[in-house]
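Visitor: Could you have a look at this structure, given as structure tokens, before my questions?
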Amino acid sequence: MANDNILKREAKSLSVIECATTAAAAATEVETVSAVKCCCCGLVEECTEAYITRVKERYVGRWICGLCGEAVKDERLRSRNKSEDESIMMTMDEAIRSHMKFCQQFRSSISPPNNPTEEFIIAVKNILFRTLDSPRKDSFNGCRPLGRSQSCFSTIQATTTKTTTTTSQDQTLLSE
């Protein structure tokens, strides 16, 4: 009987030790971060391997950034709304291919700038000049400002008046 209790305690302590070592191993295991490129837009992100795996499972083995993922979901929903049978929806692969085609057409339609820094400076300069050239609103858009029948700060003005009066009397006494 005593041996049974000792064995039970040792078994419990061993299972606690095993759980603790497993938890410690999991805690010390560092999540590796990898750079991954979106197959649609080309955006490069740094993500953990577990996250990359989940995204690839969701998008038929392809890595897709969050923005493109939303566009793919929207593409699928629009395809369902366009079809006469509301239950028919575009497959994930078809939606991804459609979005990839759209991104490719967009990238090929614009040419990359020769000097992006210079073009950025010119754009900021144009915005600044437009802001400076715009007419100032000195008037109140042709409307009269809202008039008040009495001040919101009447109690403060009364206190200030009393203080001013006291100060004037003190100055009169000092000058005599």
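Visitor: Residue under question is LYS82, and the condition is that it be at pLDDT 80 or above and out of contact with any Cys (no Cβ under 6 Å at 6 or more places or on another chain); does it hold?
Guide: no
Visitor: Moving to a separate point now. Looking at the range 39-91, which of its residues are among the hydrophobic types (A, V, I, L, M, F, W, C), crowded, with 16+ Cβ neighbours inside 10 Å and in contact with a helix residue (DSSP H, G or I) (Cβ under 7 Å, 6 or more places away or on another chain)?
Guide: CYS39, CYS40, CYS41, TRP63, ILE64, CYS68, ALA71, VAL72, MET89, MET90, listed by residue number.
Visitor: Any idea which of (1) out of contact with any Asp or Glu (no Cβ under 8 Å at 6 or more places or on another chain); (2) modelled with pLDDT of 90 or more; (3) part of a loop (DSSP other than H, G, I, E, B) is the one ILE88 doesn't satisfy?
Guide: Failing condition for ILE88: (2).
Visitor: Could you tell me which numbered condition MET100 fails, if it satisfies all but one of (1) touching a His at 6+ places or on another chain (Cβ under 8 Å); (2) part of a helix (DSSP H, G or I)?
Guide: (1)
Visitor: Do we have SER134 as loosely packed, with under 10 Cβ neighbours inside 10 Å, at pLDDT below 80 and within 33 Å of the chain's Cα centre (by Cα) here?
Guide: Yes: the conditions hold for SER134.
Visitor: So, one more: Name every residue in the range 95-109 that is more than 17 Å from LEU43 (Cα to Cα) and exposed (fewer than 15 other Cβ atoms within 10 Å of the Cβ), in order of residue number.
Guide: SER109, the sole residue that qualifies.
The values are calculated or read from the model by the stated rules, or taken from the named source; none is laboratory data. Just so it is clear, the model here is predicted, and its values are computed rather than measured. Cβ sites come from the backbone with ideal geometry, for glycine too, and all protein chains shown count toward neighbours.
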